[in-house]
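Working notes, structure below.
The values are calculated or read from the model by the stated rules, or taken from the named source; none is laboratory data. From a predicted model like this one, the values you see are computed outputs, not experimental measurements. Note that we place each Cβ from the backbone using ideal geometry, even for glycine, and neighbour counts take in every protein chain shown. Keep in mind that these areas ignore ligands, DNA and RNA; they rest on the heavy atoms of the full protein, side chains included. Shrake-Rupley method; radii C 1.70, N 1.55, O 1.52, S 1.80 Å.
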Amino acid sequence: MLEIIYRDEHLIAINKPHGLLVHRSSIAADVSEFAIQLLRDQIGQKVYPAHRIDRKTAGVLLFALDKESEISMQQAFMENRVKKQYLAIVRGFTPDEEIIDYPLRKENGALQDALTKYKTLEQAELDIPLGKHPTSRYSLVLAEPETGRMHQLRKHFAHVFHPIIGDRTHGCNKQNKMFKDKWKMETMLLHAKQLRFAHPVSGQEIIISANLQPEFRSVMQVMGWA
């Protein structure tokens with residue numbers, strides 16, 4: 001059963017677990033379960049995805065319950081009228097605050113503006129040597145992407161040399177292997193914490209938040225973070 005964290009006549013949101021695809025994809029032909037199908041079967045009515053988050057990312061995933069609301073919310077996401085907050089555990093000690101203004105390429109090669117703001121919430125230094133370093137350092141960051149490019153946070157944190165732990169595509173292979181070997185942890189530590197937007201019908205401000213999934217919480221404990 002999916003965890004439903006918001007529902008009204010027009011919208012419904014779940015706390016998506018790590019590893020669950022939003023919908024059927026040709027790049028994951030082996031997968032038989034999808035958030036759309038599971039939620040539809042759970043509530044007994046059709047749902048329409050208002051946006052997408054990566055398969056490996058957990059947290060707030062919003063659906064519409066009618067086509068009009070779907071169109072309105074997709075437009076709001078495209079026009080950056082939806083404020084998004086993510087939590088991520090990254091390699092190294094990040095600065096207190098930073099703005100990453102770094103264009104990203106689309107699949108056709110065209111460059112798109114991409115802007116991410118983040119601040120550091122926690123830091124930890126573990127007595128675990130890795131490579132040439134005698135210890136291993138990590139940061140918990142709260143990130144707010146101002147644009148919505150594909151894999152934006154993953155690419156942006158890799159660009160500033162603080163890759164997200166568990167990101168096999170853009171991350172650090174040595175760190176990912178260590179987390180797998182030492183803690184049997186292969187989850188990408190990126191969590192969609194909150195969405196804030198104007199309701200497409202009432203205009204009322206809606207804030208939807210999702211609690212961390214167990215995998216993320218277990219790494220927080222390893223780091224000594226509350």
Grab the beta carbon distance between residue 201 and residue 119, set R0 = 41 Å, and tell me the FRET efficiency rounded to 0.05.
0.80
Heavy-atom accessible area per residue - the chain, 1.4 Å, Å²:
53
Work out the length of the dipole vector of the stretch 170-226 about its Cα centre, built from +1 on the beta-carbon of each Lys and Arg and -1 on the beta-carbon of each Asp and Glu, and round it to the nearest 20 debye.
260
What ³J(HN,Hα) values, in whole Hz, does the Karplus curve 6.51 cos²θ - 1.76 cosθ + 1.60 give for the stretch 107-113 when θ = phi - 60°, with x put for Gly and Pro?
4, 7, x, 6, 7, 10, 4
Calculating percent of Cα pairs over 27 Å apart from this structure picks out, from [x] 35; [y] 31; [z] 42, entry [x]
Taking the chain as the reference, fit the longest principal axis to its C-alpha atoms, fit the long axis of helix 67-78 to the helix C-alpha atoms, and give the angle between the two in degrees, 0 to 90, nearest 10.
30
What ³J(HN,Hα) values, in whole Hz, does the Karplus curve 6.51 cos²θ - 1.76 cosθ + 1.60 give for the stretch 34-42 when θ = phi - 60°, with x put for Gly and Pro?
9, 4, 4, 5, 5, 5, 4, 5, 5
Relative contact order of the chain, please, whole-number percent, based on alpha carbon pairs below 8 angstrom and at least 6 residues apart.
21
Within the chain: Cβ-based charge dipole about Cα centre, in debye rounded to nearest 20 (Lys, Arg +1; Asp, Glu -1)
640
Determine the dipole magnitude for the stretch 74-207: charges of +1 sit on the beta-carbon of Lys and Arg, -1 on that of Asp and Glu, nothing else is charged, the reference point is the Cα centre, and the result goes in debye to the nearest 20.
480
Candidates 206, 53, 43: whichever shows maximal mean-square fluctuation once the chain is modelled as a Gaussian network with Cα springs under 10 Å:
43
Based on the Cβ-Cβ distance from residue 159 to residue 222, what FRET efficiency comes out when R0 is 22 Å, to the nearest 0.05?
0.25
Among the listed pairs 16/182; 132/182; 84/174; 117/174; 155/193; 46/155, those beyond 23 Å (Cα-Cα):
16/182; 84/174; 117/174; 46/155
Length added when fully stretched, residue 106-residue 40, from 0.36 nm per residue minus Cα-Cα
20.6 nm
Take the chain, connect every pair of alpha-carbon atoms lying under 10 Å apart with a spring to form a Gaussian network, then pick out the residue of 68, 79, 107 with the largest mean-square fluctuation.
107
Rounded to the nearest 10, the angle in degrees between the Cα long axis of helix 214-223 and the longest principal axis of the Cα atoms of the chain comes to 30
Given a 1.4 angstrom probe, I'd like the percentage of the accessible area of the chain that is carbon and sulfur, rounded to a whole number.
48
